[in-house]
1. What residue, of 122, 102, is in contact with a Phe, Trp or Tyr (Cβ under 9 Å, 6 or more places away or on another chain) and in contact (Cβ under 8 Å) with a residue 40 or more places away in the chain?
2. Residues to consider are 260, 347; find the one that is of a type outside the set (D, E, K, R), closer than 18 Å to residue 81 by Cα and not in a helix (DSSP H, G or I).
3. Which numbered condition trips up residue 221, out of (1) surrounded by 15 or more Cβ atoms within 10 Å (Cβ to Cβ); (2) touching a residue at least 60 places away in the same chain (Cβ under 8 Å); (3) of a type outside the set (Phe, Trp, Tyr); (4) more than 16 Å from the ligand (Cβ to nearest atom)?
4. What are the pairs with Cβ atoms under 6 angstrom where one residue, in the stretch 57-74, is within 17 Å of residue 9 (Cβ to Cβ) and the other, located anywhere, is open to solvent by 10 Å² or more (accessible area, probe 1.4 Å) and in a loop (DSSP other than H, G, I, E, B)? Sequence gap at least six, or different chains.
5. I need a count of the residues in the stretch 90-137 that are within 16 Å of the ligand (Cβ to nearest atom) and part of a helix (DSSP H, G or I).
6. For the stretch 359-369, name all the residues that are within 7 Å of the ligand (Cβ to nearest atom) and not in a loop (DSSP other than H, G, I, E, B).
7. Of all the residues that make up the stretch 142-158, how many are over 25 Å from residue 50 (Cβ atoms), open to solvent by less than 10 Å² (accessible area, probe 1.4 Å) and within 16 Å of the ligand (Cβ to nearest atom)?
8. Please go through (1) within 16 Å of the ligand (Cβ to nearest atom); (2) closer than 19 Å to residue 252 by Cβ; (3) of a type in the set (A, V, I, L, M, F, W, C) for residue 372 and return the number of the only condition it doesn't satisfy.
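The values are calculated or read from the model by the stated rules, or taken from the named source; none is laboratory data. Here the structure is a predicted model, which means the values were calculated and not measured. Note: ideal-geometry Cβ built from the backbone for every residue, glycine included; neighbour counts use all protein chains shown. Heads up: the accessible areas ignore ligands, DNA and RNA and are worked out on the full protein's heavy atoms, side chains in. Shrake-Rupley method; radii C 1.70, N 1.55, O 1.52, S 1.80 Å.
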Amino acid sequence: MNFSLSEDQEMMVAAARRMSQERIEPVLRQHPIDKPLPKSAMLEIYAVLAELGITAPRVPVEAGGGGLKMLDYGMMIEQLPPVVALSLISHEGTISRIHAGCPKDIRERYLPDLIAGRKIACTANTEAGAGSDSGAVRTRLKVDGEHAFVTGSKMWITNASVADVINVSCTLGNDDNGRPIARRVLMDRSECEFEVRETPVMGLQQGHLSEVVFEGTRVPVGHMIGEAGDAAKTLTMAWNGNRPLLGLMCVHLAQKAFDLALAHAKAHKQFGKLIAAHQLVQQDLADVETLIVTARLLCYSALDAIDRGVRANGSSAMAKRYATQACERAIQLAMQVHGGMGISQELGIERMWRDARMFQVPDGMNGILALIQGRELVGIGAFR
Ligand SMILES: Cc1cc2nc3c(=O)[nH]c(=O)nc-3n(C[C@H](O)[C@H](O)[C@H](O)COP(=O)(O)OP(=O)(O)OC[C@H]3O[C@@H](n4cnc5c(N)ncnc54)[C@H](O)[C@@H]3O)c2cc1C
């Protein structure tokens, strides 16, 4: 085991941090902090992500992707502003699905622009009754000749309002046992009619989270992705990779809050001495650092397990559940070290706390993640 980064990893992390600070954060600062970014700003950011080679990290180099190891990708994700990183996960996850499940003509038509960051993609699975129970999708797909028609609605879809292509999970009738057959279709925003409504939320407010409504939306049958019924396996593989990545987005926020708290404790005085010299403040700082380091290591370890081909259902669920909770706690303690300033909008830690809280929902709520880990431990599913 080696806990130090290789030379290549040092370079990748440094490049991601530099590009983030010099080219991505300035775009975020040019726009209101509490409004979804305009598409033009998103495309500016995606051009930088493409330059960094992380718009298709899970697609092999021969197919035009980054061919990155998940651990290396995770360390780069950790350097990005979380609102950008979450958008990227939705985009690149959709690219992976197109690459793995679409015919050649569709891959050739869409992948070059998506990988170059000239177009944006997303995946819509969640519905009002199909959140944690992702197999309960009710959006219907009806095939008629050369076209299929989609009817239903999706909620909480990252990127939907700025996406050029959207991968929509649907059901296509029932199998012999009466169970719904899951199918996914790729919709081109410029050719398909559907309604997208932005949903205001507490955090990551420069991002895009929307409801999408399909009323018999027409799609060419050639736009169906993968084989009938393979959606569950594909989703599990995507989630296993995504969960530690979301954990690392929280680590990014907690690290920022910690850096501010440490600097503040060394500069601010109460009772005639620096607050850093008070034992309880030192304990808060020690606790914050411990929460961040453990969260980071669990996420790295889960990503490394995926790279080694080890079954990671439990470890990736554990990493996300721990990291999202630990980082929320870490940010709260960092706020506490700041006293009144901690809750001021001017400082921005309260925004980090709201942003971090968002990550406890997508790709597995904490209760669900505990059940996934529990199932790995005892071999019995306790979902139903
Ligand atoms: C920032 C963000 C980005 C998102 N991006 C996307 C996206 O791009 N695409 C997409 O399709 N979706 C996306 N989502 C949706 C997200 O995946 C769902 O919100 C999530 O799966 C939870 O579903 P739900 O909201 O229906 O809650 P529910 O599943 O209804 O959960 C409500 C509560 O019930 C608990 N619960 C549910 N079932 C059980 C059980 N069996 N045992 C014990 N407890 C249980 C849960 O833990 C939770 O506490 C996103 C959400 C957020 C917040």
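1. On inspection, the qualifying residue turns out to be 102.
2. When all the criteria are applied, what remains is 347.
3. So the condition that residue 221 fails would be (1).
4. Sorted first by the residue in the stretch 57-74, then by its partner, the pairs are 57/66; 57/68; 66/53; 67/60.
5. Matching residues across the stretch 90-137 total 13.
6. Across the stretch 359-369, the qualifying residues are 366, 367, 368.
7. Final tally of qualifying residues: 2.
8. Failed condition: (2).
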